[in-house]
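The values are calculated or read from the model by the stated rules, or taken from the named source; none is laboratory data. Since the model is a prediction, treat every value here as computed from it, not as a measurement. Note: ideal-geometry Cβ built from the backbone for every residue, glycine included; neighbour counts use all protein chains shown.
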Amino acid sequence: MEEELTKEFAQKLMELKGEARGVVFKTDTEYVLAEKGEEGLKKLEEDLEKLGYPIKYREIETFSYYPVGLRVLSLLAIKKNLSLDDKKLDDMGFKATKKSLIIKFFIKHVFSLEKIFFQKGPKIWREHWTVGEMIPIELNKTKKYIILKFEDFNLSPVYCVYLKGYLRGLFSMMIKTPEMTCQETKCFFKGDEYHEYLIKWE
Amino acid sequence: MEEKKEKVSVEEDKILVLLEDLSSLESYARDLFSFLPLPVCLISSIGIILDTNPSFEEISGYGTEEIIGSPVENVFDEKEIEALTKETLEKGVVKNKEIKILTKEKTEIIGSAATTLRKTEEGEVVGYFLGFFDLSKVKKRERELKETQAALTNMIEDAEEARVNAEEEKNKTEAIINNLTDGLLVFNKENKLLLMNPLAEKIFDVKTRDLINRSVSELKTFPTLDPLIKILEKEAKKVFKEELLVKENLVFEVTTAHVEVKEKKLGSLVILHDISREKVVERMKTEFVSLAAHQLRTPLSAIKWTLKMLLDGDLGEVTEEQKSFVTKTYKSNERMISLINDLLDITRIEEGRYVYKPVLAELEPVIRLVINSSKDEAERKKIKLEFKKSEKKLPRVVMDVEKIKLVAQNFIDNAIKYTPAGGGVRVSLKCLKKEIEFSVKDTGVGIPKDQQERVFIKFFRGANVVRMDTEGTGLGLFISKNIIEAHGGRAWFESEENKGSVFYFTLPIKEEFEEFLKEF
């Protein structure tokens, strides 16, 4: 069900607990600029101001913490302004990994998929998000798949789609493959207890 | 409690300062990476491109989202990058390794790569940075230089080959000139002597070094060269031939020819061909013909008179049949005598013994006489013979009447002989400014174009007339031309096969004839 962007809804989002590093707004900025240019970014900032939560994207500090509600609001406003369907939203998440500074921290550990999956990944996640847990479930190199889950990370169904693309982008930099897919196999918003993602490659 | 709060506040302030410093550092690193004009990328140890700067994206043609996360083989030559990765992982640092980038547009860019390993704090290899220096322009320039060098080398080789060829040609030409069996002199366009071959030196008993670069007039001062120079000064035609008697029994035919390139005169050649032997043979031949003709004429004359006596009945009655045979024999004998006379005339002409008895006389009566003598033959052949006399009164000319009569007779006889029945022969006399022109126009068989050059050469007979009349000797026109030229006149003709011919001669009017005589 589509969430309607109103002042009230925005206010409700702000009640979400937790914070995220400013880097997520940086990747949003670059996506909007790439798709709609300066005009698109200006319009986005104006719309957010109207909702009562102005964001000056260029003034966001990469390593500072910002409310997770603001991060979800930014994503919803972009989806609305750029008329993004799920496919495009997935693509936005995928592209974010190519420019995200968090990914630069991740790729420091690309020498070992096991290490990044089981040790460094959850740690880096915790350093960038003060909410939710990224929990590795299974890494099967022979059958070429990964299962991981996110607990207590129930921001918005829109974010589930975005995260699907993001995870695909992230693992495509660690696994050399011509084709990689990512599916959300369990979703809190669909009645599951947590979010579960299955990443497969050829 | 207050102290604890204050301590927390200080710690928070420190964190804020650290965050600000981190942001500044991130911004600085990003700006530096973005500004760097050298294409740089970070490649993971398993061969995935993890990061690139704008310069790398520009040179490869791929956008950030396209290139980051893509296999390194998409952007680099597979074998080259495999070798470079291996070397980097082994050595840690590689400098100046030639490698090709494969752009999105499928073009290749040659460059030099430098790599350095990137490790974690724990010393584990993350991958390596690769800096790429575009050598395509340098390579292009290098290729152009190589091509230019190759072209220059080719040109030098060609020039050297041409020089060697020219040298060989020069040597060959020199050898040919030096070994030429003819004497050779070469003059430049200013008529200064450029070259003289050894044979020419020998002929004139001179040395080339004394004569080189001297003009024709200067060469006159060398006595042995004087006769040659006189010939050269006299002739202005492009090509001419003349005989030069150097000393007794040493005769050369002098041929001069202009050397021209695209109608521009570069100089002239003088060739001296030894014709001494030909002259001796010719003289011997003439003497033999003269002797033979003289020896033949006496018995032929005896035969003639005997036959005449037989025909006249001085030796008794002859039957009609016998008379017919004797008449034929008499005519054949007459032709033999005529041929012998012609041969004797030729030998006289060639030996310079052809005697002329010039008198001042009128030409028209002579011509009328010849026409009258030809009328019967013309009528017999049903040919209309006309005479068109000059409108003006003709001045008298100096001539050997008998010889001129011979020429006119020859022209008219030929016209009648080679004009078919029903045709016409027109004899004309015309008074020109300095000469009298005689012409005989016929509607005869004409002379084939390809044979016209040889008409006045002795023994020449046109191929078409040989088929018609087998009696001619081919000597008449040769004798006629010599007679006319001995009078200072000219003889020529115009002819078209199957349409007819016009034969002309001119005789100079008295004053002109006297001028002509001064030359001898």
inquiry  = For the condition β-branched (Val, Ile, Thr), away from chain B (no Cβ under 14 Å) and closer than 25 Å to B:TYR28 by Cα, what is the one hit in A:ILE55, A:ILE78?
reply    = A:ILE55
remark   = Picked from the range B:68-101 (must be in contact (Cβ under 8 Å) with a residue 40 or more places away in the chain and out of contact with any Leu (no Cβ under 8 Å at 6 or more places or on another chain)), the residue farthest from B:ASN53 (Cα to Cα) is B:THR85
task = Select from the range B:158-194 the residues that are touching a Lys or Arg at 6+ places or on another chain (Cβ under 7 Å) and either among the acidic types (Asp, Glu) or touching a residue at least 60 places away in the same chain (Cβ under 8 Å) (or both) and list them in ascending order.
result = B:LYS189
query = What tally of residues in the range A:144-199 results from selecting those that are surrounded by fewer than 19 Cβ atoms within 10 Å (Cβ to Cβ) and of a type in the set (Gly, Ala, Ser)?
reply = 1
Test for B:LYS323: is it under 21 Å from B:LEU475 (Cα atoms), part of a helix (DSSP H, G or I) and more than 54 Å from the chain's Cα centre (by Cα) = no
key: Residue satisfying all of: in the range B:469-485; in a loop (DSSP other than H, G, I, E, B) and touching a residue at least 60 places away in the same chain (Cβ under 8 Å); farthest from B:TYR418 (Cα to Cα) among these   = B:LEU475
task = Determine the pairs where a residue that is without any contact (Cβ under 8 Å) to a residue 12 or more places away in the chain and within 14 Å of chain A (Cβ to nearest Cβ), located within the range B:102-124, has a partner that is outside any strand (DSSP E or B) and charged (D, E, K, R) with Cβ atoms under 8 Å apart, the partner being 6 or more residues away or on another chain.
result = B:THR120/A:LYS108
inquiry  = Take B:ASP314 and tell me if it is under 27 Å from B:GLU402 (Cα atoms) and either touching a helix residue (DSSP H, G or I) at 6+ places or on another chain (Cβ under 7 Å) or outside the structural domain of B:VAL251 (by TED's automatic domain parsing) (or both).
reply    = no
ask   = What helices (runs of 4 or more DSSP H) lie completely within the range A:94-175 and have 2 or more residues being over 20 Å from B:ILE48 (Cβ atoms) and within 14 Å of another protein chain (Cβ to nearest Cβ)?
value = A:121-128
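Out of B:LYS441, B:LYS430, B:LYS458, B:LYS405, which single residue is within 30 Å of B:ASN333 (Cβ to Cβ), modelled with pLDDT of 90 or more and basic (Lys, Arg)?
Matching residue, one of B:LYS441, B:LYS430, B:LYS458, B:LYS405: B:LYS405.
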query = Assuming B:VAL289 fulfils every condition listed in (1) touching a residue at least 40 places away in the same chain (Cβ under 8 Å); (2) closer than 25 Å to B:LYS192 by Cα apart from one, which condition is it?
reply = (2)
inquiry  = Which of the numbered conditions does B:THR116 fail, given that it passes all the others? Conditions: (1) surrounded by fewer than 18 Cβ atoms within 10 Å (Cβ to Cβ); (2) under 60 Å from the mean Cα position of the chain (by Cα); (3) not charged (D, E, K, R).
reply    = (2)
query = Counting residues that are of a type in the set (Val, Ile, Thr) and surrounded by 13 or more Cβ atoms within 10 Å (Cβ to Cβ), which strands (runs of 3 or more DSSP E) fully inside the range B:179-275 reach at least 3?
reply = B:250-261
Residue list for the range B:53-73, filter: buried (at least 17 other Cβ atoms within 10 Å of the Cβ), in contact with a Ser or Thr (Cβ under 9 Å, 6 or more places away or on another chain) and more than 10 Å from every other protein chain (Cβ to nearest Cβ) = B:ASN53, B:SER55, B:GLU57, B:ILE59, B:SER60, B:GLY61, B:TYR62
ask   = In the range A:58-70, how many residues are within 14 Å of chain B (Cβ to nearest Cβ) and more than 13 Å from A:ASP28 (Cβ to Cβ)?
value = 5
request  = Check whether at least one residue in the range A:36-53 is more than 30 Å from B:ASP13 (Cβ to Cβ), in contact (Cβ under 8 Å) with a residue 60 or more places away in the chain and either surrounded by fewer than 21 Cβ atoms within 10 Å (Cβ to Cβ) or not polar (S, T, N, Q) (or both), and report yes or no.
outcome  = no
task = Give the residues of the range B:40-52 that are within 11 Å of chain A (Cβ to nearest Cβ) and β-branched (Val, Ile, Thr), sorted by residue number.
result = B:ILE43, B:ILE46, B:ILE48, B:ILE49, B:THR52
inquiry  = Condition first: surrounded by fewer than 14 Cβ atoms within 10 Å (Cβ to Cβ) and among the hydrophobic types (A, V, I, L, M, F, W, C). Can you find one or more residues in the range A:89-105 that meet it?
reply    = no
